[in-house]
Amino acid sequence: MPDSTHQLQLRTRFGTHTRALIVDGHATARQMLAAQLRNMGASQVVQCAKAHEARQHAATRPFEIVLCEQRLGDGTLGQDLIDDLRQRKLITLSTIVMVLSANSTYPVVAEAAELAIDGFLIKPYSLGDLEDRLLAAFVRKDSMKEIATLIESGDHAGALAQCEQRFQARGAYWTHAARLGAELAIRLEKLPVATAMFNAVIDDKAVPWARLGIARVMDASGKPAAAESTIKNLLGAHPTYVDAYDVLGRIYTDRGDYAAAAETFRRAVEVTPHSVARNQKYGILVFYTGDQAESMKILGQVVDRGGLLSPDFDHHVLLLLAVDAFKQRQPEALGELRTQLQKALEEQQLSSQAPRAEPGAAVADPQALLRRLQRYAGLLDALLATLRGDNAQALALLETAQKSLSENETAVDAAIALLLVLSTLCQANVFIPQAPAWVRQAGLRYCTNKQVTEMLARACEGFDSLAEPVRAAHAHINSVTRDALGAAVAGQPRQAVLQLIEAVEATRNIKLHEVAVATLERHKGRIDNPEVLQDRLDALRVHCGAHTGALLHTTLQGL
């Protein structure tokens, strides 16, 4: 007689309201799995074949169990779908997540092991295999329930304390607790704690995710060269570990080594050829490093493969494709891109109650995303107007974009987009008398470091005379900073802070603001009425945007 113990246990654990989501491109496999889950006691089983269908289902109802094929028929990796659902909080730490695959080779199994999933099933599998995995997952979830509850309630410090207790005692599922705890420690900037947890896991299992965690801690500790070396060694042993490419690409981007970042994402794309996020990061980087023909090929494929339907899609791609269509004098192609952008704009206007996340962000501000799409729409309209011969209309649209940039827009990608279109039109012999002044104004506001400056300058490279004002603006910001710090050293700290405040009022440059805050804090005891200066700085802060370390990532979407 077949052993019914597992089924009885599972019926008890499923309860009366358990929902399961099956994502598998094979209809027969889906139906068989759905029948098995219903027999075990699942109250509702939803089936779908494609990633975007899974996202739609997960957005409308919670699922306690998600079973996903490793490689879906639409080209999406199960890893990317699971990561996306987690990022958008459509599944939680309490959700049981299992991956299915007909491929049992080591790279596939190792890849699945890095997902922090609850089980991996090789097809064909027996009913007993499925029951074993589900029971083990339920036991593990129960063991980690208190930690998961604290994390989901936002009590990250409390959750870290629980993880540390489990870790120190080497209690049940301590490596799972260490993985969660290390991530929490990095978020809470307790880097020695994260290092200890990752190293302990490496000593116990030498798993790739722990080695990558050590590299992330090195990078966060201001040791990017050590992080780079660690990741390269990791990739030498695990060349298909795509998360490592993501981190290495970001390190190169922070350094301003865009060519190395592009090469890193090229290798990541080889491993995950259908990943929208990695393909567009690669394509965007290639565009700004000079090989625009290759960039158009890559970004065109992203759109042709249905990338517009992906929540990872970055509409900066449409802007770059539109610039190319303008250069090729293809008004129909440019018009189609404008139509696609209009659809996205209308969808965002309707979905403000359910904001989607931009790549690299947890959940995007719906109004910020709406402004971004409107900004791109205006720039595409300027390109279209120029192709129609209506330069006056194009100039009016550019003036609107520049006014928004100077008055209330804090995102650096707004400046890059405007400068790219300006240089494209100037290269096409469109006379824009205000262009140098607009470029200088943008440079004074956004040139906070060498990396951002070079990205702004690269946006202007189609018309070299506009790239120089960007670099000159950066030099001016550095000069203002040196002069102010010199005054502070010379015994005039109040004058130094005033100089910086006046410069911030004129430029809205966040680097100058940060230097002013630091100078005031350091010399507060030698400045009369420092609270007056602090009030002025507090009032300016909202107009300056992200801190300098985050500026570049608002452009490249979290590379």
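The values are calculated or read from the model by the stated rules, or taken from the named source; none is laboratory data. The shown structure was predicted, so the numbers you read here are calculated from the model rather than taken from an experiment. Cβ coordinates were reconstructed from backbone atoms using ideal geometry, including for glycine residues, and neighbour counts include every protein chain displayed.
Taking the stretch 168-182 as the range and being in contact with a helix residue (DSSP H, G or I) (Cβ under 6 Å, 6 or more places away or on another chain) and either among the basic types (Lys, Arg) or assigned to a helix (DSSP H, G or I) (or both) as the test, the residues that pass are Trp174, Thr175, Ala177, Ala178, Leu180, Gly181, Ala182. Applying the criterion of being surrounded by fewer than 21 Cβ atoms within 10 Å (Cβ to Cβ) and among the small types (Gly, Ala, Ser) to the residues of the stretch 191-218, the residue that is modelled with the lowest pLDDT is Ala206.
Among the residues of the stretch 396-435, just one is touching an Asp or Glu at 6+ places or on another chain (Cβ under 8 Å), assigned to a helix (DSSP H, G or I) and free of Cβ contacts under 8 Å to residues at least 40 places away in the same chain, namely Leu397. Among residues that are in a helix (DSSP H, G or I), farther than 20 Å from Cys447 by Cα and charged (D, E, K, R), Arg458 is not included. From the list Ala496, Ala473, the lone residue that is surrounded by 14 or more Cβ atoms within 10 Å (Cβ to Cβ), touching a Lys or Arg at 6+ places or on another chain (Cβ under 6 Å) and in a helix (DSSP H, G or I) is Ala473.
For the stretch 290-321, filtered to residues that are outside any helix (DSSP H, G or I) and closer than 17 Å to Ala54 by Cβ, the residue that is modelled with the highest pLDDT is Phe313. Each residue in the stretch 499-527 was checked for being surrounded by 17 or more Cβ atoms within 10 Å (Cβ to Cβ) and over 26 Å from Val452 (Cβ atoms), and 2 pass.
Among the conditions (1) surrounded by 15 or more Cβ atoms within 10 Å (Cβ to Cβ); (2) closer than 30 Å to Cys447 by Cβ, the only one that Arg187 does not satisfy is (1). On the stretch given as the stretch 20-32, residues that are in contact (Cβ under 8 Å) with a residue 40 or more places away in the chain and assigned to a helix (DSSP H, G or I) total 1.
Rundown of residues vs (1) touching a residue at least 12 places away in the same chain (Cβ under 8 Å); (2) among the hydrophobic types (A, V, I, L, M, F, W, C); (3) under 23 Å from Leu308 (Cβ atoms); (4) assigned to a helix (DSSP H, G or I), yes/no style:
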{"position": "Leu248", "(1), (2), (3), (4)": "yes, yes, no, yes"}
{"position": "Tyr252", "(1), (2), (3), (4)": "yes, no, no, yes"}
{"position": "Ala260", "(1), (2), (3), (4)": "no, yes, no, yes"}
{"position": "Thr264", "(1), (2), (3), (4)": "yes, no, no, yes"}
{"position": "Ala268", "(1), (2), (3), (4)": "yes, yes, yes, yes"}
{"position": "Ala277", "(1), (2), (3), (4)": "yes, yes, yes, yes"}
{"position": "Gln280", "(1), (2), (3), (4)": "yes, no, yes, yes"}
{"position": "Ile284", "(1), (2), (3), (4)": "yes, yes, yes, yes"}
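The C-beta contact set for the stretch 376-388 (first residue over 17 Å from His315 (Cα atoms), second residue among the polar types (S, T, N, Q), distance under 6 angstrom, 6+ apart or interchain) comprises Ala385/Gln393. Looking across the stretch 45-61, just one residue is loosely packed, with under 15 Cβ neighbours inside 10 Å and in contact with a Lys or Arg (Cβ under 7 Å, 6 or more places away or on another chain), and that is Arg61.
Total residues in the stretch 373-408 satisfying the condition of being within 19 Å of Thr448 (Cβ to Cβ) and surrounded by fewer than 22 Cβ atoms within 10 Å (Cβ to Cβ): the figure is 2.
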